[in-house]
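The structure under discussion appears below in the form of C-alpha cells.
The values are calculated or read from the model by the stated rules, or taken from the named source; none is laboratory data. Just so you know, these numbers come straight off a predicted model, no measurement behind them. FYI the Cβ positions are ideal-geometry reconstructions off the backbone, even for glycines, and counts take in every protein chain you see. To get the accessible areas, we keep the full protein, side chains included, count just its heavy atoms, and leave off ligands, DNA and RNA. Shrake-Rupley method; radii C 1.70, N 1.55, O 1.52, S 1.80 Å.
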Amino acid sequence: MKRNILITGGAGFIGSHVVRLFVNKYPDYHIVNLDKLTYAGNLANLKDIENKENYTFVKADIADLDEMRRIITEYKIDGVIHLAAESHVDRSIKDPFTFARTNVMGTLALLQAAKEYWESLPEKYEGKLFYHISTDEVYGALELTHPEGVEAPFTTKASSKDDMAYGEEFFTETTKYNPHSPYSASKASSDHFVRAYHDTYGMPTLVTNCSNNYGPYQFPEKLIPLFINNIRKGKPLPVYGKGENVRDWLFVEDHARAIDVIFHNGKVAETYNIGGFNEWKNIDLIKVVIKTVDRLLGRPEGESEKLITYVPDRLGHDMRYAIDSRKLQSELGWEPSLQFEEGIEKTVRWYLDNEPWLDNITSGAYERYYADMYGGK
Ligand code: NAD
Ligand code: TYD
C-alpha cells in the first residue's frame, strides 16, 4: 500500500535508525524526514539512504505551526512517527526552556497541524496514525531494593544474566506519571497532549515509552558513546555520584523494530512499554565498555579503568529505571534480539570503525559545551 509517512527527528540517533528501516523495508512508502538539525541532528547518519527515491529530507522546526501545516499538507501525510525532541537530561537541567519549547510546544504544533489536515479530508481520520515516541523517564524513579543483585522476576533471551534485576518493581503501562527532570517533565507533558488529542478530538494517536537506547550514531554526550570516545582518547570518564544508578538498556535497532511493529499493528489509543529486561548499574556497565574498548584497541584488558573519575552527582538523579515490556511481547510478538554483550561489542566496533564521524561531531560547539560541563577536562 502507498503511504506518506512523516518521521520527525530522523537525523538524530533513534530517528536515523527508524528512517533507514522504513526507507529500505517499505519501497512503496514515501518517507519524509523532518528535522531542525540541532546539535544532535546529523545528516551524515543517513548517507547510505539519502538518494533513495522514496526518501525526502525537510529542514524545519516542529514548533513552527505554519511550517508543520504546510509540510503535512504538501506531502499528504497519513502517518506521523514523532521522535524530534531535545533528549539529554543534563542539558535540560541547564536550559529547561528549550525543552519546553521543542518537546511540549513542538509536539502540540505537530498534533494540531496533523489534526487540521486530516479533518479537512473526506475520509478524515481513517487510515491515519499519529505515533509519539516517549521515554520510561516519565514514570519517575524506582527504588534500588536489591543492590547486591537478585533473581530477575522477568527474563527474556535478551537478558544474559539472571541477576540483572535490581528491584521487584518495574514500570508498566499503568504506572502513574511522576517525572522529575525538566526533560522527563517535558516528555510527560507532550505525552498528555498526544492522549488529549485522542480523547478530545478522536484523533488516532498512540504512545510508546522506551528505556535507554544504545548503539551506532548516538551523540557522544550520552553515557555509552561518551565513554567509548573518552577511553579511545585517554580522557577521564566522569561517573556521577557513586555509579550505583541503574538503567535498562536496549539496542537501538531493537527499538526501531518495535516502532515498525507498533506503527503497523499497535492499537490506537494504547500505550506500549519497550525495554530490554537488561538492567545494569552504571559502574558495572562502564566496566564492560572499558573491557571491550581496551580489547578491541589491543590494550591490556581493564587498563582504562584508571580513567574512571567520580564527579558530583547529577541534580535530582533518578536511581533506577526498569521497564516491563511483556504487553508488547505478548500482544505484538516483539522481542529484543541481542544479548547485551553482543550489542556492546557491535556498538564499540562501530564507533572505533567510524572515528571520522566521532571526530567531526566532537569538535567545535560540542567541545565548548563539554569543557563547560567538566571544567575543561
Ligand atoms: P537525539 O537527540 O539523538 O535526536 C533528536 C533529533 O530531533 C535531532 O535530529 C534534532 O535535530 C531533532 N530536533 C530537535 N529539536 C527539534 C525541533 N524543534 N524541530 C525539529 N527537529 C528537532 O534523540 P534520540 O536519542 O534519538 O531520541 C529520539 C526520541 O526518542 C526522543 O523523543 C526521545 O525523547 C525518545 N527516547 C529516547 C531514548 C534514548 O535512550 N535515547 C529512550 C526513550 C525515548
Ligand atoms: P544518559 O546516557 O545521560 O541517559 P539518561 O540520563 O537519560 O538515563 O545517562 C545514563 C546514566 O549514566 C545516568 O544514570 C547518568 C549516568 N552518567 C554518568 O554517570 N556520567 C556521564 O557522563 C553521563 C552522560 C551519564
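For the reader, a short list of remarks on this structure follows.
- Every residue from region 255-299 that is farther than 28 Å from residue 142 by Cβ and either modelled with pLDDT under 95 or open to solvent by less than 30 Å² (accessible area, probe 1.4 Å) (or both): 260, 263, 293, 294
- For region 85-96, the condition holds for at least one residue, the condition being that it is among the aliphatic types (A, V, I, L, M) and away from ligand 1 (no atom under 14 Å from the Cβ).
- Residue in region 89-103 that is among the small types (Gly, Ala, Ser) and in contact with a Lys or Arg (Cβ under 9 Å, 6 or more places away or on another chain) present: no
- Members of region 291-344 found to be assigned to a strand (DSSP E or B) and out of contact with any Ser or Thr (no Cβ under 8 Å at 6 or more places or on another chain), listed by number: 308, 309, 310, 311, 320
- When 58, 19 are checked against the criterion of being closer than 21 Å to residue 250 by Cβ and surrounded by 16 or more Cβ atoms within 10 Å (Cβ to Cβ), a single residue qualifies: 19.
This table checks each residue for (1) in a strand (DSSP E or B); (2) over 17 Å from residue 341 (Cα atoms).
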position: 196; (1), (2): no, yes
position: 217; (1), (2): no, yes
position: 229; (1), (2): no, yes
position: 235; (1), (2): no, yes
position: 244; (1), (2): no, yes
position: 264; (1), (2): no, yes
position: 273; (1), (2): yes, yes
position: 283; (1), (2): no, no
position: 287; (1), (2): no, no
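- Region 117-141, subset assigned to a helix (DSSP H, G or I) and away from ligand 2 (no atom under 13 Å from the Cβ), residue surrounded by the fewest Cβ atoms within 10 Å (Cβ to Cβ): 119
- Test: residue in region 207-214 that is over 24 Å from residue 305 (Cα atoms), within 15 Å of ligand 2 (Cβ to nearest atom), hydrophobic (A, V, I, L, M, F, W, C) and buried (at least 21 other Cβ atoms within 10 Å of the Cβ): yes
- You will find that of 61, 66, the residue that is on the phi < 0 side of the Ramachandran plot and in contact (Cβ under 8 Å) with a residue 40 or more places away in the chain is 61 and no other.
- Failed item in (1) surrounded by 19 or more Cβ atoms within 10 Å (Cβ to Cβ); (2) basic (Lys, Arg); (3) modelled with pLDDT under 90, with residue 157 passing the rest: (1)
- Helices (runs of 4 or more DSSP H) wholly inside region 25-116 that include at least 2 residues being modelled with pLDDT of 95 or more and within 16 Å of ligand 2 (Cβ to nearest atom): 89-94, 96-99
- Flag if residue 66 is out of contact with any Phe, Trp or Tyr (no Cβ under 8 Å at 6 or more places or on another chain), open to solvent by 30 Å² or more (accessible area, probe 1.4 Å) and either closer than 25 Å to residue 198 by Cβ or more than 9 Å from ligand 1 (Cβ to nearest atom) (or both): yes
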